[in-house]
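Reading through the structure tokens given below for one structure.
The values are calculated or read from the model by the stated rules, or taken from the named source; none is laboratory data. Since we're looking at a predicted model, the values are computed, not measured. Reconstructed Cβ throughout: ideal geometry from the backbone, glycine too, with neighbour counts over all protein chains shown.
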């Protein structure tokens with residue numbers, strides 16, 4: 001991509017990765033402009049960071065929307081083909097209670113509908129999750145990806161995927177006794193931290209490291225890795241290819257892989 005890319009950012013907290021992306025855009029390391037910073041909670045401190053750079057901000061209060069939906073005010077649910085969404089999503093096991101799964105999906109889609117409405121005035125080329133602590137449904141992912149020829153949502157995860165997906169990557173790494181930790185940037189798919197990997201960085205875990213020291217090591221790498229991966233996207237150097245993989249049991253399946261050109 002030769003033109004300046006438009007970057008949308010979603011956060012839930014302090015926005016340290018947002019700051020790293022802002023710095024990379026301001027310095028010219030990324031030929032990009034952040035067109036909005038949205039949050040799922042009104043007290044996300046990262047919104048103040050964005051405001052200092054005149055980046056438009058908004059809040060979609062997930063907690064309030066979910067609570068409203070759960071009080072059975074069903075008019076807040078958007079009209080969706082829930083069965084089709086269930087078939088696509090990989091967030092739950094088949095044995096997971098159907099009604100709980102349905103409730104989760106529908107309440108999140110209600111929040112995502114509000115999120116999409118807030119994002120609509122700000123066209124973007126890539127949506128970056130910078131500490132956004134909400135699982136995305138196929139409904140939202142398809143809305144973003146349908147107008148693009150490659151995945152349109154990027155995420156950073158505090159572990160070396162595919163190991164330790166979920167909300168506590170550094171904690172899981174530490175408790176497992178790993179000798180090496182790290183972070184991963186990947187495109188978002190229908191599973192939990194299961195999308196095609198773009199880049200990773202690693203650090204050594206010493207015997208005197210604590211969970212807090214591991215988190216500090218990881219964050220420093222995140223602030224380097226995320227801008228690097230967004231830069232690759234801005235330069236048009238990321239390509240998605242489909243690979244045929246043969247499992248140990250002989251079963252053949254297909255997986256999306258990111259190639260860097």
Filtering the range 139-161 for residues that are in contact with a strand residue (DSSP E or B) (Cβ under 8 Å, 6 or more places away or on another chain) and without any contact (Cβ under 8 Å) to a residue 60 or more places away in the chain leaves a count of 10
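Would you call residue 136 in contact (Cβ under 8 Å) with a residue 40 or more places away in the chain, part of a loop (DSSP other than H, G, I, E, B), under 20 Å from residue 167 (Cα atoms) and touching a helix residue (DSSP H, G or I) at 6+ places or on another chain (Cβ under 9 Å)?
Working: in contact (Cβ under 8 Å) with a residue 40 or more places away in the chain: yes; part of a loop (DSSP other than H, G, I, E, B): yes; under 20 Å from residue 167 (Cα atoms): yes; touching a helix residue (DSSP H, G or I) at 6+ places or on another chain (Cβ under 9 Å): yes.
Yes; evaluated as a whole, the condition is true for this residue.
Taking residue 113, is it surrounded by fewer than 21 Cβ atoms within 10 Å (Cβ to Cβ), out of contact with any strand residue (DSSP E or B) (no Cβ under 9 Å at 6 or more places or on another chain) and within 18 Å of residue 12 (Cα to Cα)? Outline the logic, then answer.
Numbers: surrounded by fewer than 21 Cβ atoms within 10 Å (Cβ to Cβ): yes; out of contact with any strand residue (DSSP E or B) (no Cβ under 9 Å at 6 or more places or on another chain): yes; within 18 Å of residue 12 (Cα to Cα): yes.
Criteria met by residue 113.
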Exception for residue 204 within (1) surrounded by 17 or more Cβ atoms within 10 Å (Cβ to Cβ); (2) touching a helix residue (DSSP H, G or I) at 6+ places or on another chain (Cβ under 9 Å) falls at (1)
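Condition test on residue 202, is it touching a residue at least 40 places away in the same chain (Cβ under 8 Å) and on the phi < 0 side of the Ramachandran plot? Working first, answer last.
Numbers: touching a residue at least 40 places away in the same chain (Cβ under 8 Å): yes; on the phi < 0 side of the Ramachandran plot: yes.
Taking the combined requirement at face value, the residue satisfies it.
Conditions tested, residue by residue: (1) in contact (Cβ under 8 Å) with a residue 40 or more places away in the chain; (2) within 28 Å of residue 141 (Cα to Cα).
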| site | (1), (2) |
| --- | --- |
| 216 | no, no |
| 227 | yes, yes |
| 235 | yes, yes |
| 246 | no, yes |
Conditions (1) within 26 Å of residue 235 (Cβ to Cβ); (2) without any contact (Cβ under 8 Å) to a residue 40 or more places away in the chain; (3) under 18 Å from the mean Cα position of the chain (by Cα); (4) part of a helix (DSSP H, G or I) -> residue 113 fails only (1)
Does the range 222-243 contain any residue that is assigned to a loop (DSSP other than H, G, I, E, B) and on the phi > 0 side of the Ramachandran plot? yes
Practice problem: Report whether or not residue 239 is in contact with a strand residue (DSSP E or B) (Cβ under 6 Å, 6 or more places away or on another chain) and within 21 Å of residue 7 (Cα to Cα). | Solution: yes
Within the range 9-24, of all residues that are surrounded by 22 or more Cβ atoms within 10 Å (Cβ to Cβ) and in contact with a strand residue (DSSP E or B) (Cβ under 7 Å, 6 or more places away or on another chain), the one nearest to residue 54 (Cα to Cα) is 22
Filtering helices (runs of 4 or more DSSP H) wholly in the range 1-86 for at least 2 residues that are more than 18 Å from the chain's Cα centre (by Cα) and at pLDDT below 95 gives 62-70
The one condition residue 190 fails out of (1) touching a strand residue (DSSP E or B) at 6+ places or on another chain (Cβ under 6 Å); (2) in contact (Cβ under 8 Å) with a residue 12 or more places away in the chain; (3) over 15 Å from residue 154 (Cβ atoms); (4) not in a helix (DSSP H, G or I) is (1)
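Quick one: is residue 260 surrounded by 11 or more Cβ atoms within 10 Å (Cβ to Cβ), in contact with a helix residue (DSSP H, G or I) (Cβ under 9 Å, 6 or more places away or on another chain) and either under 28 Å from residue 30 (Cβ atoms) or modelled with pLDDT under 95 (or both)?
Details: surrounded by 11 or more Cβ atoms within 10 Å (Cβ to Cβ): yes; in contact with a helix residue (DSSP H, G or I) (Cβ under 9 Å, 6 or more places away or on another chain): yes; either under 28 Å from residue 30 (Cβ atoms) or modelled with pLDDT under 95 (or both): yes.
Spelling it out, residue 260 is indeed surrounded by 11 or more Cβ atoms within 10 Å (Cβ to Cβ), in contact with a helix residue (DSSP H, G or I) (Cβ under 9 Å, 6 or more places away or on another chain) and either under 28 Å from residue 30 (Cβ atoms) or modelled with pLDDT under 95 (or both).
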Note on the range 139-154: residues crowded, with 22+ Cβ neighbours inside 10 Å and outside any helix (DSSP H, G or I) are 151, 153, 154
Per the filter on the range 28-53, residues without any contact (Cβ under 8 Å) to a residue 40 or more places away in the chain and under 23 Å from residue 216 (Cβ atoms) are 44, 45, 48, 49
